[in-house]
Structure formats: structure tokens, C-alpha cells
Amino acid sequence: MALIENSKIYSGNDLENIFFRPMIAENGIADQGVRVLFNMPVPTTIHLWSASEGVLKPYESGWQGGSTSVKSAKTLEMSKVKAESAYSASEYSSKVYEHIVSRPDVNLQDLSGTDLEEAETAIFKRAIAEELRVATWIGNAMSTKYDIFNGILCNVDIAYGEKLKEPFRISDNVTAESVLDLLAGVWEQASDALKALKKDGHLAFYVSSDVYRAYEDFIYASSMDNNVLNCTEDYSSLFYRGIPLVDIGVTAAMLEDSGLATSQCLLTDSRNLILALNTSDYPDAEVRMWYNPDEMENRQRAVFLAAADFIDFDLVSLGHA
């Protein structure tokens with residue numbers, strides 16, 4: 001297989017529109033309900049707006065405007081992020097070829113530079129999107145691996161400490177017998193403001209895989225009536241009190257090193273969760289792919305700004321084992 005020896009660089013508008021937006025849409029954290037914002041002004045201030053109140057009044061002449069919308073706001077500290085990967089000639093050939101061969105429209109006898117470039121770009125996009133997804137949830141500047149920025153769970157944990165509150169805890173590993181206590185405890189300690197948002201349809205229990213599997217085991221062991229109430233017919237989605245459970249899929253990463261409890265249960269409104277990416281306010285932001293003849297490697301690098309956080313502490317309820 002030929003190598004891509006001509007450098008490929010994405011910068012400016014191409015960096016956002018051709019690389020990052022499709023990357024998140026195809027592979028990213030948005031599938032789990034987190035809002036992804038691109039190229040907000042730096043420093044990035046995020047708002048969560050409520051509806052205006054008191055707008056309907058008896059008719060009288062003159063201005064009688066109601067109260068303004070109540071908003072929560074938080075300024076995100078954007079972190080400089082770099083992603084790099086390199087493949088030797090043999091690794092590159094097998095990895096790129098494996099990606100290409102799965103496409104029905106490609107002629108394996110006549111692979112063009114475009115085919116190779118698209119495959120290489122897709123592989124790099126997928127790797128960045130997955131790392132961003134994991135860091136969005138469990139990033140921790142105090143850890144040794146996922147230390148690029150503090151993720152959502154880390155920031156919630158820090159906020160609990162600053163507010164001198166304790167997350168709801170169960171004493172041992174979560175099981176089918178104890179998972180209901182965990183979910184019920186997180187719901188009961190939630191603020192009235194958070195519970196009131198249930199009618200909007202954006203609440204979710206964001207849980208680690210062990211919590212999701214434990215609740216799945218609980219459902220399977222329950223009566224048929226309970227099955228109908230707490231999961232879809234094919235068991236592809238689970239619910240507690242009509243609120244979906246979302247498996248955030250980071251258990252393996254947390255076991256490696258995150259500084260966080262490995263069993264997590266976060267109840268919040270999905271509109272309260274943010275991943276912000278910026279490729280316009282950092283002069284060195286780019287994605288570059290090139291061949292290094294000295295090392296006989298195909299190399300890839302992405303440089304950009306990123307941050308993940310929640311907006312309103314009153315709209316989160318945390319529990320873990």
C-alpha cells in the first residue's frame with residue numbers, strides 16, 4: 001500500500017467544518033446527550049436559561065413586561081489540548097487497509113491518494129472523539145492519564161466538596177440488590193428544581209457500566225410488570241421513575257487511573273452538561289498529517305482548546321459506591 005507523503009493540514013474554518021463537527025457528529029459525546037459547543041468566545045461563558053415568568057397580565061396601557069428569564073452561568077477555563085499518533089509502515093498499512101476494505105464502493109486494485117487520506121483521517125477522528133468522550137466524563141488534572149482537563153464527574157465531585165455536601169453512597173460494590181438503593185438515594189437527594197425538570201424530558205441518570213448492568217440484572221430478575229415499566233420491550237433502554245439510564249462507558253478507563261470512584265451515578269438535565277471546543281481563538285490550532293521519512297512513520301497531530309463542565313450545581317445529584 002502506498003503511503004501519504006504529502007502533508008495534509010486542516011486549519012481555520014476547515015478545521016471546524018470539515019474535521020471537528022463531522023467528528024463529533026459521527027463518533028462523539030453528543031450521542032450521550034451532552035451539549036457540544038464550537039468556537040464560543042474565549043473565555044467561554046455558558047448560560048442555562050429558564051422561561052420568563054409573569055408575561056401574561058390584564059390589559060392596561062403602558063409597558064407591563066414580566067420578569068426576565070432566570071439564568072445560570074459559568075465561565076469555562078479552556079485548556080490547550082494536543083493529540084498525536086504515529087504508525088510505522090507496517091502498522092499504517094494494516095490499519096488503513098482494514099478501514100478501506102470495509103467500504104463497498106472502493107476499488108482495491110486502484111487505491112487513490114484520496115482513498116488513503118479519507119481512511120487515515122477517519123481513523124484519527126475516531127481516536128480523538130473517543131478520547132474526548134472519556135475525558136469529558138472523567139478527566140482529572142490530578143490523575144496521570146486523563147489529565148488534559150477536569151471532566152464533568154470531577155467538577156461535580158469538586159463542587160460537592162466546596163459546598164460541604166456528600167454524594168449519596170452505598171457501602172459496597174453496586175449489585176442487583178443494592179442498585180435500587182443507589183438510584184432511589186440519588187433521586188431523593190435531588191433538589192426540587194432538578195425534580196421539577198422531569199416534565200421537560202431531559203433528565204437522565206448518567207451511570208458507569210457496572211451500575212447499568214446491575215440495574216439490568218435487577219430488571220431481569222423482576223416481574224414482567226416491572227419489566228414493562230422500567231425498560232423498553234427489547235431491553236435496549238432502561239428507566240427509573242421514567243428517567244432513562246445512560247451508560248457513559250468509562251468504567252475501564254476509571255479502573256486505570258481517574259482519581260474517581262469507579263461506580264458513578266449522576267442525575268442531571270442533559271442541558272446542564274457542556275463540552276466546549278475551540279479551534280479559532282488559538283493561533284496554533286490545526287490538524288496535520290504527514291509522513292516522516294527519517295523515522296519511516298505516518299504521523300498525525302491535532303491542537304485545539306477544550307473544556308467540559310456542568311453549569312448549575314442545583315441541577316445535579318451525585319451518588320456512587
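Tell me the Rg and the Dmax, in Å, that the Cα atoms of the range 157-221 produce.
In order Rg, Dmax, the Cα atoms of the range 157-221 give 13.3, 40 Å.
Hey, what did the range 135-185 get for relative contact order, percent, Cα under 8 Å, at least 6 apart?
About 23 percent, as a whole number.
Given the C-alpha centroids of the range 260-315 and the range 6-22, what is the distance between them in whole angstrom?
Taking the Cα centre of each part, the range 260-315 and the range 6-22 sit 15 Å apart.
Beta carbons within 10 angstrom, averaged per residue: use that to sort the peptides 118-126, 25-33, highest first. Before the final figure, lay out each step's value.
Working: 118-126: 19.2, 25-33: 16.9.
With the highest mean Cβ count within 10 Å placed first, the list reads 118-126, 25-33.
Every read-out reported here was derived from the displayed coordinates using simple, explicitly stated rules and does not represent laboratory data. Since we're looking at a predicted model, the values are computed, not measured. So basically every Cβ, Gly included, is an ideal-geometry build from the backbone, and we count neighbours across all protein chains shown.
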